[in-house]
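Visitor: The structure follows.
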Amino acid sequence: MKKLVLFPAWSIALAIYCLVGTPSAAGQNQSQPQPDKSVRPTQDQKVESPGTKQTPTSPAPSAEKPEVKITPHEAEELFHSVDEILAFDSKHSGLPIKKEVKRRLTSRDEVVAYLTNHMKDEDVKRLQRSELVLKKFGLLPQDFDLEKLLVSLLREQVAGYYDPKTKTVNLLDWVPMDQQEPVMAHELTHALQDQTINLNRWMKKGEKDLGETRKDPTPADIENDEMDDTREAVVEGQAEAMMLEYELAPVGRSIVDSPDLVETMESQMSNGTDDSTVFKDAPIFLRESLTFPYSYGLKFVVALLEKGGKQKAFADVLENPPHTTRQIMQPGTYLAGEKIEPMPVPEFKRDFKDYVKFDIGAMGEFDVAVLIEQYAGKKASDRLYPDWRGGYYYAARPKKDLNAPLGLLYASRWSTGEKASEFARIYAQSLAKRYKKAEEVGATSEIRAAAEESESKPPALHGRHVWTTEEGTVVIEEQGDTVFISESLDLATTEALEHEIFAAAKRD
């Protein structure tokens with residue numbers, strides 16, 4: 001499932017990942033490297049005065065805690081350290097400096113304008129499709145305004161950004177001086193990446209939107225549907241690694257020899273800072289989707305550093321990036337060159353001849369991890385998601401009634417039949433939370449009681465089960481390592497899909 005992106009999110013440094021203090025190494029008081037005072041900005045690097053006019057869309061500073069802006073003198077001192085930090089990033093990543101990086105100080109109004117201007121029409125359409133599909137899966141509340149909250153969240157969390165179009169690192173004039181240098185270490189890594197591979201062009205290779213294509217997607221198309229997510233995780237993971245490396249350097253530590261500190265830092269950041277109100281109130285899927293490239297991306301890069309050093313973790317992975325969230329979440333699968341055969345897909349146009357396609361996409365390992373966490377808890381998710389082996393969804397509406405509830409096909413494949421049955425039961429448990437009325441046809445009291453067991457050992461769901469809901473029939477069927485799910489589709493379509501999907505699974 002496509003992550004929720006309205007602009008080049010990889011160019012943004014989020015406050016929850018840059019402004020949480022790094023744990024002190026061995027109890028020592030950390031201090032940042034001092035900038036070289038002999039470095040002066042060139043004529044092209046002079047400090048630009050950010051605008052001061054407030055617009056209606058600009059978030060107003062808190063009345064309880066007045067916002068303090070960086071002075072022109074502080075900005076000049078800050079800019080002196082750009083070249084030094086760029087050199088640090090280059091040395092520790094192995095990515096060469098090919099040209100000077102422009103830098104400027106940016107106001108809130110300019111950040112809002114940047115976010116707004118990068119909301120392309122096609123991105124908004126994709127977001128609207130994603131919102132309805134996520135609501136169908138129960139990952140967002142039915143009355144949730146996704147676009148409004150996503151923009152508010154990003155405005156709350158942005159700490160700096162690199163603009164690949166202007167080749168400029170933008171530092172924010174309301175971020176305190178003592179927090180600016182780690183942000184620069186993060187953003188200047190993006191500048192080095194851009195100079196190495198042209199980030200805009202590199203990221204566009206993963207932007208194919210299957211929901212907009214006229215032809216039926218192939219199994220390979222489904223498999224590659226997560227490419228933009230994994231590439232974002234690579235570039236953000238590298239930037240996070242350099243930020244933490246920069247913060248640990250004064251005490252003679254590195255991210256490779258400080259796994260405990262990296263783990264503590266990642267845990268802190270995943271929970272958000274004390275003032276991250278919008279972030280903390282967001283649904284699980286939105287929080288996890290936004291932080292995925294930073295948290296899992298960092299762990300991925302650290303794993304590559306441990307295995308093959310900076311060449312493997314930076315230049316090599318940019319040359320040969322992962323293409324599934326499984327490879328990011330389990331770096332060993334990427335390092336081992338694991339090959340999983342793409343999951344067979346039905347002939348969608350034929351099987352959905354009475355429907356209008358709404359959306360289609362991969363349901364990758366990240367997606368099932370969040371789905372399981374939502375309905376069975378974090379422990380169950382961590383235990384089960386590594387056994388994912390493929391998945392996709394197809395959403396459509398009946399041609400005769402385009403206002404009818406969204407119909408959904410969801411097929412997934414697992415390492416064993418036991419794991420498939422366990423996932424099927426977790427999904428079945430979600431129905432009571434997603435529908436006002438979900439009654440299993442022929443369900444016994446024992447089945448209902450089993451659905452209430454604890455997350456530590458959820459019961460399995462074998463065979464074919466049917467529920468009635470206010471939005472139509474739900475069918476969940478497990479055969480071998482494959483789980484078939486149909487929601488709000490007519491009986492003929494459901495039966496045709498069942499036959500085709502399970503027949504293909506037996507041949508695979």
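Visitor: Tell me, which residue of region 316-347 that is β-branched (Val, Ile, Thr) and either free of Cβ contacts under 8 Å to residues at least 40 places away in the same chain or buried (at least 18 other Cβ atoms within 10 Å of the Cβ) (or both) is nearest to Phe300 (Cα to Cα)? Give the derivation first.
Guide: Taking region 316-347 first, the residues β-branched (Val, Ile, Thr) are 317, 324-325, 328, 333, 340, 345.
If we keep only those that are either free of Cβ contacts under 8 Å to residues at least 40 places away in the same chain or buried (at least 18 other Cβ atoms within 10 Å of the Cβ) (or both) as well, we get 317, 324-325, 328, 333, 345.
Values: Val317: 10, Thr324: 12, Thr325: 11, Ile328: 6, Thr333: 11, Val345: 30 Å.
Within region 316-347, the match that is nearest to Phe300 (Cα to Cα) is Ile328.
Listed here are the residues, each with its yes/no results for (1) hydrophobic (A, V, I, L, M, F, W, C); (2) assigned by TED's automatic domain parsing to the domain that holds Pro217; (3) part of a helix (DSSP H, G or I).
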| position | (1), (2), (3) |
| --- | --- |
| Phe285 | yes, yes, yes |
| Leu304 | yes, yes, yes |
| Gly309 | no, yes, yes |
| Pro342 | no, no, no |
| Lys357 | no, no, no |
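Visitor: Can you name the residue in region 117-130 that is surrounded by 13 or more Cβ atoms within 10 Å (Cβ to Cβ) and over 21 Å from Ala395 (Cα atoms) and is also modelled with the highest pLDDT among such residues?
Guide: His118
Visitor: Could you say which residue among Gln142, Gln193 is surrounded by fewer than 17 Cβ atoms within 10 Å (Cβ to Cβ) and polar (S, T, N, Q)? If you could, list the steps in order and put the result at the bottom.
Guide: On the way: Gln193 fails: surrounded by fewer than 17 Cβ atoms within 10 Å (Cβ to Cβ).
Among Gln142, Gln193, only Gln142 is surrounded by fewer than 17 Cβ atoms within 10 Å (Cβ to Cβ) and polar (S, T, N, Q).
Visitor: Follow-up question, since we're still on this one. Taking the residues in region 106-116 that are among the β-branched types (Val, Ile, Thr) and within 17 Å of Leu149 (Cα to Cα) as candidates, determine which candidate is modelled with the highest pLDDT. Walk me through how you get there before you give the answer.
Guide: Just the residues of region 106-116 that are among the β-branched types (Val, Ile, Thr), to begin with: 106, 111-112, 116.
Of the ones still in play, those that are also within 17 Å of Leu149 (Cα to Cα) are 111-112, 116.
Numbers: Val111: 80, Val112: 74, Thr116: 70.
Per the stated criteria, the residue is Val111.
Visitor: Only one residue in Asp229, Asp221 is in a helix (DSSP H, G or I) and within 17 Å of Val301 (Cα to Cα), so which one is that? First the steps, then the outcome.
Guide: Working: Asp221 fails: within 17 Å of Val301 (Cα to Cα).
The unique qualifying residue is Asp229.
The values are calculated or read from the model by the stated rules, or taken from the named source; none is laboratory data. If you're wondering where the values come from, they're calculated on a predicted model, not measured in any experiment. Virtual Cβ from ideal backbone geometry, glycine too; neighbours counted across all protein chains shown.
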